[in-house]
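These notes are about the structure you will find just below.
The values are calculated or read from the model by the stated rules, or taken from the named source; none is laboratory data. Since this is a predicted model, take the numbers as computed values, not measurements. Every residue, glycine among them, receives a Cβ derived from its backbone with ideal geometry; neighbour counts consider all protein chains shown. Surface areas here come from the heavy atoms of the whole protein model, side chains and all, with no ligands, DNA or RNA. Shrake-Rupley method; radii C 1.70, N 1.55, O 1.52, S 1.80 Å.
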Amino acid sequence: RKDLLGLKGVPAEEIQEILKNAKMLKQLISQPSKKASHLSGKTVITLFYENSTRTRMSFELAGKYLSANVANISASASSVQKGETLIDTGKTLDVMGTDVIVIRHPMSGAPHLLAKNVKASVINAGDGINEHPTQALLDMFTMKEKLGDLKGLEVAILGDIYHSRVARSNIFGLTTMGAHVTVCGPGTLLPGGIEKLGASATLDARAAVRNADVVMALRIQRERQKGGLFPSVREYHQFYGVDEELLSLARPHALVMHPGPVNRGVELTSSVDDGEQSVITEQVTNGVAVRMALLYLLTRRA
Ligand code: CP
């Protein structure tokens, strides 16, 4: 494939291939040199129209570890501020010899529009409330590394499901791999039609977490909540915040995950965030491995 725009419709074999390559490339991160030549001569540009720490930096490091030329553009410091369109920005990068454009954009579908108009491979690093496929891939990598086969896993995802591109990509990826996903949150943050995506939905956090293998908390995205529908932070934490008591309902080996950034004391208590079951920091490391794999696989095409 030329691009990775989402996990909807991506077959299990392709997800397995990405995770297998990520496992091999992860070893590079702990080597003293942190250098391999897989992307020698390739150019990767990150084009971010929204803030990011983890995704942007892990793409940059993934490219550098594999010897690519890597450059970053912030929309706030580019000619986008002078009115340049996304397509014109993409074509400008194309003619500079860019092989991969990694884009994050507040509008759902922006990476798809870019991909249709550039020769470079496009990777979606998060588009509006649509998808964040590389986050779901690193989440699946972490689950597989810690728990083995994804098939049959019970994954509970709690939080602002309505605005979450991470939830959507995880639902697509995990259900393809044979896991069962239950999403949970207040009614104002829970979209309809979840069952059509092959997942379950509940308003009851205790029911969602009971016997789960993975408890994934998602950030409350106040920047996307325009309608004042949100319960207060205090109410959210009271009913949906993951504390030790709620976590005790999950299976004893259950993983605690969060894509970050975490609002400590809202989605998770600090004791759970930093607790023995938390793999949140490992998710970040795995993000570099998965992004190395994707850059390698997409630039390998003829
Ligand atoms: N998880 C994630 O996308 O984090 P950033 O916003 O820091 O990239």
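Under the condition of being in contact with an Asp or Glu (Cβ under 9 Å, 6 or more places away or on another chain) and not in a strand (DSSP E or B), which residue from region 129-159 is farthest from Leu203 (Cα to Cα)?
Applying the filter and picking the extreme gives Glu145.
Return yes or no: is Ala125 open to solvent by 30 Å² or more (accessible area, probe 1.4 Å) and assigned to a strand (DSSP E or B)?
No.
Every residue in region 247-293 that is surrounded by fewer than 15 Cβ atoms within 10 Å (Cβ to Cβ) and of a type in the set (S, T, N, Q), please.
Scanning region 247-293 gives Ser248, Ser270, Ser271, Thr281.
Could you count how many residues in region 178-215 are hydrophobic (A, V, I, L, M, F, W, C), in contact (Cβ under 8 Å) with a residue 40 or more places away in the chain and assigned to a loop (DSSP other than H, G, I, E, B)?
1
Got a sec? Which of Glu84, Glu154 is out of contact with any His (no Cβ under 9 Å at 6 or more places or on another chain) and charged (D, E, K, R)?
Values: Glu154 fails: out of contact with any His (no Cβ under 9 Å at 6 or more places or on another chain).
None of the others qualify; the one that does is Glu84.
Is region 148-156 home to any residue that is among the hydrophobic types (A, V, I, L, M, F, W, C), surrounded by fewer than 24 Cβ atoms within 10 Å (Cβ to Cβ) and within 21 Å of Ser108 (Cα to Cα)?
No - not one qualifying residue is present in region 148-156.
Given Ser232, Ser248, Ser278, Ser270, which one is free of Cβ contacts under 8 Å to residues at least 40 places away in the same chain and in contact with a Lys or Arg (Cβ under 8 Å, 6 or more places away or on another chain)? Steps first, please.
Working: Ser232 fails: in contact with a Lys or Arg (Cβ under 8 Å, 6 or more places away or on another chain); Ser248 fails: in contact with a Lys or Arg (Cβ under 8 Å, 6 or more places away or on another chain); Ser278 fails: in contact with a Lys or Arg (Cβ under 8 Å, 6 or more places away or on another chain).
Exactly one of Ser232, Ser248, Ser278, Ser270 is free of Cβ contacts under 8 Å to residues at least 40 places away in the same chain and in contact with a Lys or Arg (Cβ under 8 Å, 6 or more places away or on another chain), namely Ser270.
Return the residue satisfying two criteria in turn: it lies in region 10-37 and is touching a residue at least 12 places away in the same chain (Cβ under 8 Å) and small (Gly, Ala, Ser), and of such residues it is most open to solvent (accessible area, probe 1.4 Å).
Top of the filtered list is Ser37.
Within region 244-302, take every residue that is away from the ligand (no atom under 14 Å from the Cβ) and modelled with pLDDT under 95 and give me the one that is farthest from Arg1 (Cα to Cα).
Top of the filtered list is Gly265.
Return the residue satisfying two criteria in turn: it lies in region 38-85 and is open to solvent by 70 Å² or more (accessible area, probe 1.4 Å) and within 15 Å of the ligand (Cβ to nearest atom), and of such residues it is nearest to the chain's Cα centre (by Cα).
Ranking the qualifying residues of region 38-85, first place goes to Arg54.
Just to be sure I understand, how many residues within region 223-242 are at pLDDT below 80, at negative phi and surrounded by fewer than 13 Cβ atoms within 10 Å (Cβ to Cβ)? Break it down stepwise before answering.
First, pick out the residues of region 223-242 that are at pLDDT below 80: 223-231.
Checking the rest, the ones that are also at negative phi come to 223-227, 229-231.
Cutting the leftovers down to surrounded by fewer than 13 Cβ atoms within 10 Å (Cβ to Cβ) gives us 223, 226-227, 229.
Qualifying residue count for the region: 4.
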